[in-house]
Amino acid sequence: AQSVTQLGSHVSVSEGALVLLRCNYSSSVPPYLFWYVQYPNQGLQLLLKYTSAATLVKGINGFEAEFKKSETSFHLTKPSAHMSDAAEYFCAVSDSGGSNYKLTFGKGTLLTVNP
Amino acid sequence: EAQVTQNPRYLITVTGKKLTVTCSQNMNHEYMSWYRQDPGLGLRQIYYSMNVEVTDKGDVPEGYKVSRKEKRNFPLILESPSPNQTSLYFCASSLSGTSAEQYFGPGTRLTVT
């Protein structure tokens, strides 16, 4: 069974500061890993994904994440926060094995950006 | 425009009254899925479908039914809704399974009294 833990349900940063959102996963097979973002009153959209190619993955809006197998982590970072980054962020994992149809989400981290 | 649509967007109903939430995608995607989102619990997968007439349970299937008679449509059926099914529901689709980017609908906010 796969699971995802997002450390910190709420993260607050100042505009221009580093954004770091933490995600740890467990999976019995090599995983596919994703970060999705949800803006208020909207559905989710994909920020970036890891599917066993490069361990450092670049996504949209200046975000990136690094897959660290030894730490079972896939933390999301952005060097400089912008007000428009305020949203809820979800880490998700699915198996790269025979059946990659089940997607497990973390509980989400709400990012607040202060002026 | 490529999109996933859901209807209705908002629904208030009473316990036991059967309802259907429709989901349609115009991207010719094989894979479709339903999630519910609850505060503090994130998104949990209810059911998914790999193709027409092929569906399987997710993590929280109790109290829900689905069908996939056409590739573009994947309705969610609540035969006898209960208050614990009050939630925000999302439909999603992708080209092939969860390794591909999933496209989410705008959500359906359901309240069961």
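Okay, here's what the table says:
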read-out: Proximal lysines relative to residue B:17, as straight alpha-carbon distance under 18 Å, when same-chain residues fewer than 8 apart are discounted; value: B:65
read-out: Segment B:47-113: chymotrypsin sites (Phe, Trp or Tyr not before Pro) falling in loop per DSSP and having at most 10 other Cβ within 10 Å; value: none
read-out: Cross-link pairs A:78/A:107; A:68/B:69; A:78/B:71; A:102/B:69; B:18/B:71 - those with Cα-Cα distance over 32 Å; value: A:68/B:69; A:78/B:71
read-out: Computed label-point distance, nm, for sites residue B:5 and residue A:5 using a 7 Å Cα→Cβ extension; value: 4.4 nm
read-out: Summed residue charge, Cβ within 9 Å of residue B:44's Cβ, Lys/Arg positive, Asp/Glu negative; value: -1
read-out: Förster-model FRET efficiency, 41 Å R0, residue A:15 and residue B:109, C-beta, rounded to 0.05; value: 0.85
read-out: For chain A, average projected area of the Cα convex hull in nm²; value: 6.9 nm²
read-out: Residue B:86/residue A:53 FRET efficiency (R0 25 Å; Cβ-Cβ; nearest 0.05); value: 0.05
read-out: Of A:81, B:64, A:37, farthest towards positive along the dipole that unit charges on Lys, Arg, Asp, Glu beta carbons give the protein assembly as shown; value: B:64
read-out: Relative contact order [Cα under 8 Å, 6+ residues apart], segment B:26-113, whole percent; value: 29 percent
read-out: Cα-Cα pairs of chain B separated by more than 17 Å (percent); value: 49 percent
read-out: 13 Å beta-carbon shell around residue A:84, net charge (K/R +1, D/E -1); value: -1
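Read-outs: derived from the displayed coordinates by stated rules, not from any lab. This is a predicted model, so every value here is computed, not measured. Heads up, the Cβs are rebuilt from the backbone with ideal geometry, glycines too, and the neighbour counts pull from every protein chain shown.
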